[in-house]
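One structure is given here, and the rest of the page talks about it.
Please treat every number below as a calculation from the coordinates, not as lab data. Since we're looking at a predicted model, the values are computed, not measured. For neighbour counting, all protein chains shown are included, and Cβ atoms are generated from backbone atoms with ideal geometry for every residue, glycine included.
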Amino acid sequence: MAEFVLNVNGAHLRTTAPPEEPLLSVLRNRLNLTGTKFGCGEGQCGACTVLLDGRAVRSCLTPVSAAANTKIVTIEGVEQNGALSPVQQAFLEEGAFQCGYCTSGMIVSATALLHQHADPSQDQIIQAMEGNICRCGTYPRILEAIKRASRMQTAGASR
Amino acid sequence: MKLLVSALLDPPAPGIHAGSQIDRRDFLRVLAGGLLICLREPSAWAQESGRAFGGHELPKDISAWLHIAADGQIKVFTGKVEVGQNIRTSLAQQVAEELHVPFDAITMVMGDTDLVPWDMGTFGSRTTPTMGPQLRTMAAAARRMLIEMAAQRWNLDPATLTAADGEVIDPKTTRSFTYGALTRGEKLVKVVSADEALAPAANWKIAGTAVPKAEGRDFVTGKHQYPSDITRPEMQFGAVLRADGFNATLASIDTAAAEKLPGVKVVHDGDFIGVVAPDAFGAQRALEAIQAKWTVPPQPGNQGLFEYLKNNPEAGQDDHPQHAAGSVPEAFASADVKLEQLYEIAYIAHAPLEPRAAVAEWNSGKLTVWTGTQRPFGVRDELVQAFHLSPDQVRVIQPDMGSGYGGKHTGDAAIEAARLAKAAGKPVKVVWTRSEEFTWAYFRPAGLIEIRAGARRDGTLVAWEHHNYNSGPAAIGTPYNVANQLIQFHATKSPLRQGSYRGLASTANHFARESHMDGMAHAAAIDPLEFRLKNITDPRLRAVFEAAAEKFDWSRSKATPALGYGIGGGLDKGGYVATCAEVEIDSAGKRVRIRRVVQAWDCGAVINPDGLRNQLSGAIVMGIGGALFERILFADGRILNPHFAEYRVPRFSDTPQIEIVLIDRKDLPSAGAGETGLVGLAPAVGNAIFSATGTRLVNLPMAPQAHSPGESDSPLRS
C-alpha cells in the first residue's frame with residue numbers, strides 16, 4: 001500500500017492503494033468516480049478510457065503509480081462549469097448511444113482525437129476509435145457525432 | 001413453444017411459480033397518496049399466460065401502473081427493463097399520448113420488484129406489443145377518471161370537458177384543474193376493463209415522434225449509475241473462484257495464503273469458493289492466492305460438434321414437425337430444380353460491454369440486490385429459492401444496464417453477491433471479469449440445419465424440407481408459398497450452457513432459408529429478388545423486399561469478382577425485414593468487407609422513428625459479428641477464446657454505410673423491433689459473397705479471422 005495524491009479533474013484527491021493497482025480500479029472503487037467503466041480489464045474495449053495529460057489511455061492497464069504525476073481527466077471532468085463539451089453535446093444531439101455503457105470511453109477518446117486533429121478525416125476517426133467497442137453497434141452515429149463535434153468546435157473557435 | 005421456452009430459460013427458471021404476486025399492502029404503502037389505477041385481467045397477459053409458461057397463472061388482481069402525485073409528477077411502473085433498446089422513452093411516449101400530458105411529466109419506474117407489477121421479463125420483442133397497450137390502456141382510463149373527477153367538482157357533464165397538457169379544462173369558461181390538484185389528498189383505486197378506447201396511431205402527437213432518449217444527458221456525463229456502479233455504505237468486494245473447466249470437480253484446495261491477507265474473508269461452502277475483501281483489487285489478489293486443483297472430465301468441443309448435435313437428441317422431445325403439408329418426397333422427386341444443403345451455426349457469446357454485476361445487502365432478514373438482469377422477478381425467485389426466503393423478503397432492483405442481448409436472464413452474479421454478503425455481514429459487490437463473462441454465462445445455441453428444396457422451371461417452389469438441430473424453432477416456418485413442406489426442430493443435448501439471444505434461432509433459420517432461396521434462384525437462373533417475389537403472398541413481406549431493393553438499386557447492381565450484391569429477408573415476432581448488402585472482395589479473393597447495407601423494415605405503427613432506426617442500425621452492426629467472424633472456440637470443457645483479443649466483435653472499421661427504410665403502418669398494431677432487424681444481414685452478405693465469387697458459404701461465421709482446428713475452413717477471411 002502506498003499513498004497517492006491524484007490530480008483528477010482539477011482536484012487533488014488523496015488515496016491509498018497498492019502501486020500496481022490499475023487506475024481504473026482506484027477511480028471506481030476508491031474515489032467513487034464510476035463514470036469510467038470496466039469493460040474488459042485487458043485494454044481491448046476502451047470503456048475505461050481517461051485522459052492523462054491530454055492523451056487517451058486505458059485506465060485498466062495503467063498502474064495508479066504511473067498516473068501519480070499527471071493531470072487525469074475522467075468523463076466527470078469533461079463537462080465544464082455545468083456546460084456540456086462539444087463532444088458531449090454532439091453525442092446527445094446525434095443520439096449516439098443505446099445502452100450508453102461505452103459512451104464515457106467514446107467521449108473521452110473522441111475528445112483526445114479532436115485535441116490532436118481539429119478536423120479529422122473519416123479514416124482518422126476510425127483509426128483513433130478502433131479500440132473502443134460499442135456492442136450495441138452505434139458506430140455510425142458515433143462517427144457522425146464526432147464530425148458534428150468537430151464542426152461545433154471549429155465554429156466556436158472562430159467566433 | 002415449449003422448446004423455445006426451454007431455450008429461453010436455460011437453466012429452467014426455478015422461480016416461476018404462483019408465489020410471484022406482489023403484495024397489495026406493500027403497493028399501497030409505496031404509493032401513499034395520489035391516484036392508483038388497477039386493471040382487471042389484462043388481455044396482454046392472458047395471451048402470454050399458460051401457453052408460454054406451462055400453465056403458470058400470471059397475477060390478475062393487483063396491478064398498479066400509474067401514480068399522479070399532488071405536484072403533477074407522474075410515475076409509471078413496469079417490470080420491463082431498459083437495456084439500451086429505448087423502452088424507457090417509447091413507453092413513456094405512449095403513456096403521455098393517452099394521458100394527455102407532456103413527455104417530461106413522466107418518470108418510468110422500471111424493474112424494481114418492490115415497486116412494479118410482476119413481469120416475466122424483457123425478451124422476445126414483447127415490450128412493445130404487450131406492455132405498450134397495457135400502459136396505454138391504463139393511461140386512457142386514468143384520463144377519463146380525471147375528467148370525471150373534475151366534472152363532479154364543477155357539477156358538469158364529463159362529456160363537455162377536455163384534457164390537455166396535464167389539465168382538465170372546461171372549454172366554456174376556460175377554467176381548469178391540474179391533474180395533481182384533482183388527485184391531491186385522495187387515494188383512489190379503480191378497476192377498469194381492458195377495452196378502453198385508445199388514440200389511433202394516425203392521431204398521435206407524442207407517440208410516433210422522434211423524442212430524444214429519456215435521461216440522455218446522464219449518459220454523456222457519466223452520471224448514470226449502472227448496476228456495476230452501485231455502492232453501499234460499508235460495501236465490500238467479492239470474487240468467486242472458477243473451476244478449470246465445465247463439469248469439473250475440486251480435487252484439492254489450499255486457502256491459507258488468501259486468508260492471511262489483510263481484511264480478506266474466504267467463503268468455502270461446498271463447491272462454492274469465494275472471497276470478500278475491503279477493495280476490489282484486494283479481492284482479485286486473494287483469489288489468485290488460492291491454490292486449487294480441479295479434475296475436468298473429457299467433453300465435446302468444436303471438433304465433431306455438428307455430428308454431436310445430430311446424434312444426441314434430447315430425451316423426451318416432441319417429435320412432431322412444426323409444419324407439414326403434402327408430400328415432400330414426391331414433390332422433390334418431380335421438381336425441375338433441386339438443392340440440398342447443410343448449414344452450420346457456431347455458438348456465439350452475447351458479450352455485453354457491462355459484464356454481469358450485482359450488489360447484495362442483507363438488512364434485518366431482507367435481501368436487496370441491485371443487478372443487471374432482463375428478468376428482475378426471475379432473479380428474485382432464484383434468490384428466494386437459493387436462500388429459502390419468501391418473495392417479500394427479497395427485492396431486486398435493476399438500474400438501466402450495460403445491455404444484455406438475451407444474455408442476462410439468470411441471476412448468477414446476484415446469488416454470488418448475496419452469498420458473500422451473507423457470510424461477510426456487509427454489503428458485497430461482485431463484477432464478473434471479461435473472461436468470466438465469456439465462460440460462465442451462457443451462449444447462443446450452435447445449430448445444424450438441413451434443407452432440401454425443389455422448384456418448377458418457372459421458379460414456383462414445390463417442396464421445402466427444413467430440419468434444425470438445436471438452435472431452435474423460432475421463425476423456422478417458411479414465409480414463401482410451398483405446397484409440400486416438412487419443417488421440424490430437433491432438440492438436442494448441448495455441450496455448452498445455452499440460452500436466449502437477440503434473434504435467437506430466427507437468425508440461424510433465416511440464414512439457412514435465405515441462403516437456400518438464393519441458391520435455388522441461381523439454380524433456376526432467376527433473379528434472387530424476382531424468385532422470392534414469385535413465391536410470396538404476404539403483402540407486408542413483399543413490401544419490405546421491394547422497398548429495400550428500390551433504395552439499394554438492386555436491379556442495376558450487377559456483381560463483379562470484386563463486388564457482390566445479395567438480398568435476404570423474412571419475418572418474425574411481428575417485424576418484417578429485407579436486407580440488401582454490398583460486399584467487397586479483395587483482389588486476391590481472400591478477404592471480404594461489407595461496404596453498404598440497405599434495410600427495409602415494417603413493425604406496424606412506429607412509436608419512435610429515431611429510436612427504431614438506432615435499434616435497426618445496431619442490429620445490422622451486431623449481425624456482422626455473427627455473420628462473419630464471431631464464434632466460441634472450446635475443447636475439453638474450456639473456452640479457448642474468452643477475451644476480446646481472441647473473440648472478435650464488430651468495431652468501427654467493420655461498419656458499412658447503413659441506410660434504413662421505415663415503412664410506418666399506422667393502421668397496424670406496433671410490434672417489437674429489438675431482434676428481427678438482425679436476421680436479414682447474414683444471408684444478404686452470404687448471398688453477396690456468392691454473387692461475386694461463386695462460392696456458397698454455408699457456415700456461420702462465414703469468414704473468421706483465422707482457421708481453427710475443429711471448424712470447417714472458409715476460403716475467405718474478414
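Rounded to the nearest 20 Debye, what is the dipole magnitude of chain B about its Cα centre when Lys and Arg each give +1 and Asp and Glu each give -1 at the C-beta? Write out the running numbers ahead of the final one.
Working: 73 positive and 79 negative charges, 139 e Å.
Using only the charged Cβ atoms, the result is roughly 660 debye.
Give me B:SER718, B:SER435, B:SER334 sorted ascending by neighbouring Cβ count inside 10 Å, so fewest comes first.
Ordered by Cβ neighbours within 10 Å, fewest first: B:SER334, B:SER435, B:SER718.
Using the Karplus equation 6.51 cos²θ - 1.76 cosθ + 1.60 (θ = phi - 60°), what ³J(HN,Hα) coupling, rounded to whole Hz, does each residue of region B:236-252 give in order, writing x for Gly and Pro?
10, 10, x, 8, 10, 6, 9, 5, 6, x, 6, 6, 7, 10, 7, 8, 7
Taking amide hydrogens as modeled 1.01 Å from N in the peptide plane, which residues meet the under 5 Å criterion relative to B:ILE273, leaving out close sequence neighbours?
Answer set, sorted by chain and number: B:LEU241.
In Å and on Cα atoms, what radius of gyration and Dmax does the protein assembly as shown show?
According to the Cα coordinates of the protein assembly as shown, Rg and Dmax are 27.6, 84 Å.
Considering the convex hull of the alpha carbon atoms of region A:86-158, report its projected area averaged over all viewing directions, in nm², one decimal.
So the mean shadow area of the Cα hull is 4.2 nm².
Which order, highest average first, do A:22-29, B:213-220, B:319-326 follow once you tally other Cβ atoms within 10 Å for each residue and take the mean per peptide?
Ranked from most to least packed, the peptides come out as A:22-29, B:213-220, B:319-326.
Any chance you could run the full-extension gain for B:SER364 through B:ARG153? It's 0.36 nm times the residue separation minus the Cα-Cα distance, nm to one decimal.
Values: separation 211, 0.36 × 211 = 75.96 nm, distance 4.63 nm.
So the extension gain works out to 71.3 nm.
Using θ = phi - 60° and the Karplus curve 6.51 cos²θ - 1.76 cosθ + 1.60, what whole-Hz ³J(HN,Hα) does each residue of region B:308-324 get, with Gly and Pro shown as x?
4, 4, 5, 9, 10, x, 5, 5, x, 6, 6, 8, 7, x, 5, 9, 8
Using only atoms on other chains, find how many Cβ atoms lie within 10 Å of each Cβ of peptide A:37-50 and report the average.
5
Once the dipole of chain B is set up with Lys and Arg at +1 and Asp and Glu at -1 on Cβ about the Cα centre, which of B:GLY611, B:VAL76, B:ILE169 lies farthest towards its positive end?
Final value for the positive-end residue is B:ILE169.
Counting only C-alpha contacts under 8 Å and six or more residues apart, can you give the relative contact order of region B:75-208 as a whole percent?
Value for region B:75-208: 28 percent.
Mind checking B:616-626 for the average number of partner chain beta-carbons within 10 Å of each residue's beta-carbon?
So the per-residue partner count for this stretch is 3.
In whole Hz, what ³J(HN,Hα) sequence does region B:581-586 give by Karplus (6.51, -1.76, 1.60; θ = phi - 60°), x for Gly and Pro?
10, 10, 10, 10, 10, 5
So what's the gap between the Cα centers of region B:455-512 and region B:102-119, to the nearest angstrom?
Cα centroid of region B:455-512 versus Cα centroid of region B:102-119: 38 Å apart.
Determine the sum of side-chain charges near A:LEU6: Lys and Arg each +1, Asp and Glu each -1, restricted to other residues whose C-beta is under 10 angstrom from that of A:LEU6.
My count for the surroundings of A:LEU6 gives +3.
Share of antiparallel DSSP beta bridges in the protein assembly as shown, in percent to the nearest 5? Intermediate values should be presented prior to the final figure.
Details: 96 of 133 bridges.
Close to 70 percent.
If R0 is 35 Å, what FRET efficiency do you get for B:LYS422 and A:GLU42 from their C-beta distance, rounded to 0.05?
0.65
Mind ordering B:305-313, B:77-85 by average Cβ neighbours within 10 Å, highest first?
Values: B:305-313: 17.2, B:77-85: 27.0.
Result, highest mean first: B:77-85, B:305-313.
What share of the DSSP beta bridges in chain B is antiparallel, in percent to the nearest 5?
Percentage antiparallel, nearest 5: 70.
What is the ratio of the Cα radius of gyration of chain A to 2.2 N^0.38 Å, where N is its residue count, to two decimals? Intermediate values should be presented prior to the final figure.
Numbers: Rg = 15.4 Å, N = 159, 2.2 N^0.38 = 15.1 Å.
That ratio works out to 1.02.
Under 5 Å between amide H atoms, partner at least 5 residues away or on a different chain: which partners does B:GLU659 have, H built in plane at 1.01 Å?
Those qualifying (amide H under 5 Å, at least 5 residues apart or on another chain) are B:VAL597, B:VAL598, B:GLN599.
Beyond a 30 Å Cα-Cα separation, which of these cross-linked pairs lie in this structure: B:LYS190/B:LYS213; B:LYS408/B:LYS573; B:LYS260/B:LYS426; B:LYS75/B:LYS366; B:LYS213/B:LYS558? List each step's numbers first, then the result.
Working: B:LYS190/B:LYS213 32 Å; B:LYS408/B:LYS573 20 Å; B:LYS260/B:LYS426 20 Å; B:LYS75/B:LYS366 25 Å; B:LYS213/B:LYS558 40 Å.
From B:LYS190/B:LYS213; B:LYS408/B:LYS573; B:LYS260/B:LYS426; B:LYS75/B:LYS366; B:LYS213/B:LYS558, over 30 Å: B:LYS190/B:LYS213; B:LYS213/B:LYS558.
As I understand it, the dipole of the protein assembly as shown uses +1 on the Cβ of Lys and Arg and -1 on the Cβ of Asp and Glu, about the Cα centre. Which of B:ALA324, B:ILE585, B:VAL462 lies farthest toward its positive end?
Result: B:ILE585, furthest along the dipole toward the positive end.
Normalising by the residue count of chain B, find the relative contact order in percent from Cα pairs under 8 Å and 6+ residues apart.
Numbers: 1680 pairs, mean separation 104.5, N = 718.
Once normalised by length, the contact order is 15 percent.
If you place +1 on the Cβ of every Lys and Arg, -1 on the Cβ of every Asp and Glu, and leave all else neutral, what size is the dipole of the protein assembly as shown about its Cα centre, to the nearest 20 Debye?
900 debye
Quick one: which residues, 5 or more positions from B:VAL462 or on another chain, have an amide H under 5 Å from its amide H? H modelled 1.01 Å from N in the peptide plane, none for Pro or chain starts.
Long-range HN contacts for B:VAL462: B:GLY454, B:ALA455, B:ARG456.
Could I have the simple spin-label model distance between B:SER712 and A:ALA83, label points 7 Å from Cα toward Cβ, reported in nm to one decimal?
Distance between the two pseudo-spin positions: 6.0 nm.
Can you give the charge dipole size of region B:423-546 about its Cα centre, rounded to the nearest 20 debye, using +1 on the beta carbon of Lys and Arg and -1 on the beta carbon of Asp and Glu?
For region B:423-546, the charge dipole is close to 540 debye.
How high is the relative contact order of chain A, in percent, counting Cα pairs under 8 Å that sit 6 or more residues apart?
Taking the mean separation of contacting Cα pairs over the length of chain A, I get 23 percent.
Given N residues in region B:557-618, what is Rg(Cα) / (2.2 N^0.38 Å)?
Numbers: Rg = 14.9 Å, N = 62, 2.2 N^0.38 = 10.6 Å.
Relative to the rule-of-thumb radius for its length, region B:557-618 sits at 1.41.
Could you pull out which residues in region B:275-296 have an amide N less than 11 Å from a spot 7 Å beyond the Cα of B:ASP254, following the Cα-Cβ vector?
Counting only backbone N, you get B:290-293.
Along the charge dipole of the protein assembly as shown, pointing to its positive end and built from +1/-1 on Cβ of Lys, Arg, Asp and Glu, which listed residue (B:ALA207, B:PRO495, B:TRP432) has its Cα farthest out?
Towards the positive end, the residue furthest out is B:ALA207.
Would you mind pulling out the separation of the Cα centroids of region B:537-557 and region B:691-718, in Å?
Distance between centres, Cα-based: 28 Å.
Among the lysines, which fall within straight-line cross-link reach of B:LYS551, defined as a Cα-Cα distance under 23 Å, with same-chain neighbours fewer than 8 residues apart omitted?
B:LYS534, B:LYS666
Hey, quick one: spin label on A:LEU13, modelled 7 Å out along Cα-Cβ, who in region A:79-100 has an amide N within reach, i.e. under 15 Å?
Residues passing the 15 Å test: A:79.
Estimate the FRET efficiency between B:ASP71 and B:SER390 by the formula 1/(1 + (r/R0)^6), using the beta-carbon distance for r and 51 Å for R0, to the nearest 0.05.
Between B:ASP71 and B:SER390 the formula returns 0.90.
Which FRET efficiency, nearest 0.05, do B:SER653 and B:ASP319 yield, Cβ-Cβ r, R0 45 Å? All intermediate terms of the calculation are to be shown ahead of the outcome.
Details: r = 47 Å, r/R0 = 1.04.
Using R0 = 45 Å, I get an efficiency of 0.45.
Summarise the partner chain shielding of B:350-356 as one whole number: the mean count of Cβ atoms from other chains within 10 Å of each residue's Cβ.
6
Using Cα atoms only, what is the angle between the long axis of helix A:103-116 and the major principal axis of chain A, expressed in degrees (0 to 90) to the nearest 10?
It is inclined by approximately 70 degrees.
Quick one: give the max-minus-min coordinate of the C-alpha atoms of chain B along each principal axis, largest first, in Å.
Principal extents (largest minus smallest coordinate, Cα): 78, 76, 47 Å.
As a test of the formula, what do you get for the protein assembly as shown when each DSSP H run with n ≥ 4 contributes -39,500 (n - 2.57) and the sum is divided by the residue count, at 222 nm and rounded to the nearest 500 deg cm²/dmol?
Taken over the protein assembly as shown, the calculation gives -8500 deg cm²/dmol.
Which of the peptides A:98-105, B:423-430, B:452-459, B:336-343 is most tightly packed, and how do the rest follow, going by the mean number of other Cβ atoms within 10 Å of each residue?
With the highest mean Cβ count within 10 Å placed first, the list reads A:98-105, B:423-430, B:452-459, B:336-343.
Sorted from fewest to most neighbouring beta carbons within 10 Å, what does the list A:HIS12, A:HIS117, B:HIS516 look like?
A:HIS12, A:HIS117, B:HIS516
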